[in-house]
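Chemist: First, the structure itself, so that you have it in front of you.
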Amino acid sequence: MLIKTKLPWLLPETEATPESAYKERRAFIKKSGLATAAAALSAKVVDGATAGFPKKPNLNKKYIATDRKPTPYKYVTGYNNFYEFTTDKYAVRHLANQGWKTEPWTLKIGGHVEKPMTLGVNDLCKEMGIEMRVYRFRCVEAWSMIIPWDGFPLNKLIKKVQPTAKAKYVKFTTFMDEKAAPGFKGYDYYDWPYTEGLRIDEANHDLTFLAVGIYGQPIPNQNGAPIRLVVPWKYGFKSIKSIVRIDFTEKQPKTLWNSAGPDEYGFYSNVNPAVPHPRWSQARERVIGESAFAERVPTLMFNGYGEQVAGLYKGMDLKKFF
Ligand SMILES: Nc1nc2c(c(=O)[nH]1)N[C@H]1C(S)=C(S)[C@@H](COP(=O)(O)O)O[C@H]1N2
Ligand SMILES: [Mo]
């Protein structure tokens with residue numbers, strides 16, 4: 001298989017990380033000088049500063065995960081996948097806060113729309129209004145969190161730009177600045193920049209969210225400042241970070257993970273406990289923040305959002321990979 005033979009370092013962390021390994025890793029980071037960030041290890045995480053961010057976003061009570069507690073902030077912002085910086089989940093927060101500027105930031109929207117536009121994220125925050133929603137988040141690597149996101153539904157922005165009849169898909173693109181992040185050169189076998197896509201009806205679904213904050217604060221760099229997608233019923237890699245472009249397309253767009261491993265990372269990639277990843281089961285997940293030795297909990301179809309989203313996939317065989 002492509003990834004197994006050529007890209008062994010892609011092997012995601014499917015195993016629980018015991019506390020001892022975590023401590024060893026901290027020691028390693030300190031010694032290796034990997035991070036000038038060694039000093040920052042004990043320092044406060046630097047939050048992204050988004051001037052347009054409201055003082056106190058209101059919780060939208062329609063969207064609260066009731067059966068699990070939100071994952072503590074330190075895990076949400078300290079255990080990250082952001083390959084533009086590094087594949088080391090614990091080092092992302094250091095590398096993403098060493099001079100990478102996420103403000104000001106503009107988002108360009110184009111393709112098949114009546115009103116292509118370029119928007120500043122601060123203005124966007126003010127115009128769209130920011131609400132908090134607590135969503136489950138399930139990574140394809142079989143770990144999960146519960147995250148209070150602040151942002152607005154993508155469909156509000158879609159309404160503003162008015163897609164034409166030709167717009168069947170939406171393509172998202174992440175920033176690409178080789179000076180700001182070492183991953184572009186370090187992992188040059190990926191088809192950078194990071195891209196993702198949704199079908200237009202998925203993009204318009206009320207659950208599909210653009211997040212500019214976490215826990216009522218501007219979203220930290222490591223979580224995808226200043227604006228990232230959140231699609232809670234899909235595997236985490238669909239939730240693309242630090243978006244610079246949104247394009248409405250006629251054809252299904254190429255996406256980074258689907259190109260890198262088409263047999264492992266489908267375009268749809270809805271959370272589905274019945275369809276194993278070719279290299280591991282998706283039936284259960286490790287809840288981050290609980291003991292590494294805690295029993296894994298069952299993964300839910302569509303990550304628990306089946307009632308809301310199953311209708312989008314009528315006629316598609318849910319026992320199959322797609
Ligand atoms: N641009 C970009 N977006 C990305 C990624 C990435 O490497 N680059 N990783 C994805 C993966 S695999 C996951 S699980 C989530 C992680 O989001 P978090 O670090 O905020 O938990 O971001 C997704 N979005
Ligand atoms: Mo992921």
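Coordinate-derived values only; no laboratory data. Bear in mind the structure is a predicted one, so any value in this text is a computation, not a measurement. Here the Cβ positions follow ideal geometry from the backbone for every residue, glycine too, while neighbour counts run over all protein chains shown.
Chemist: Using 0.36 nm per residue of separation minus the Cα-Cα distance, give me the extension gain between Gln98 and Phe322 in nm, one decimal.
Modeler: Numbers: separation 224, 0.36 × 224 = 80.64 nm, distance 3.78 nm.
Here the answer is 76.9 nm.
Chemist: Determine ³J(HN,Hα), in whole Hz, for all residues of region 153-167 in sequence, where each value follows from phi through the Karplus function 6.51 cos²θ - 1.76 cosθ + 1.60 and θ = phi - 60°; x replaces Gly and Pro.
Modeler: x, 4, 4, 5, 6, 4, 4, 5, 8, 6, x, 8, 5, 6, 6
Chemist: Note the full-extension length gain between Glu250 and Phe293 as 0.36 nm times their separation in residues minus their Cα-Cα distance, in nm to one decimal.
Modeler: Details: separation 43, 0.36 × 43 = 15.48 nm, distance 4.67 nm.
That works out to 10.8 nm of additional length.
Chemist: What do you get for trypsin sites (Lys or Arg not before Pro) in region 175-249 restricted to DSSP loop and a cutoff of at most 14 other Cβ within 10 Å of the site's Cβ?
Modeler: Passing sites in region 175-249 are Lys179.
Chemist: Near the amide H of Ala283, under 5 Å away, which other amide H atoms are found, from residues 5 or more places off or on another chain, if H is placed in the peptide plane?
Modeler: Those lying under 5 Å, H to H, from Ala283: there are none.
Chemist: Continuing with this model, one more query. Can you pull out the trypsin sites (Lys or Arg not before Pro) in region 256-322 that DSSP calls coil and that have at most 15 other Cβ atoms within 10 Å?
Modeler: Arg279, Lys314, Lys319, Lys320
Chemist: Same structure, new question: Among the aspartates and glutamates, which fall within straight-line cross-link reach of Lys69, defined as a Cα-Cα distance under 13 Å, with same-chain neighbours fewer than 8 residues apart omitted?
Modeler: Within the straight-line cut-off, Lys69 pairs with Glu290.
Chemist: Also, I was wondering about something else. For the cross-link pairs Lys156/Lys238; Lys55/Lys89; Lys108/Lys171; Lys61/Lys156; Lys62/Lys314; Lys115/Lys156, which exceed 23 Å when the distance is taken from alpha carbon to alpha carbon?
Modeler: Numbers: Lys156/Lys238 19 Å; Lys55/Lys89 29 Å; Lys108/Lys171 12 Å; Lys61/Lys156 19 Å; Lys62/Lys314 25 Å; Lys115/Lys156 14 Å.
Violating the 23 Å limit, Cα to Cα: Lys55/Lys89; Lys62/Lys314.
Chemist: Quick one: if you stick a label point 7 Å off each Cα along the C-beta vector at Lys166 and Thr106, how many nm between them?
Modeler: 2.3 nm
Chemist: Among rounded, prolate and oblate, which fits region 146-217 when a ≥ b ≥ c are the square roots of the eigenvalues of its C-alpha gyration tensor, a/c under 1.5 means rounded, and a/b larger than b/c means prolate? All intermediate terms of the calculation are to be shown ahead of the outcome.
Modeler: Numbers: a/c = 2.55, a/b = 1.36, b/c = 1.88.
Verdict is oblate for region 146-217.
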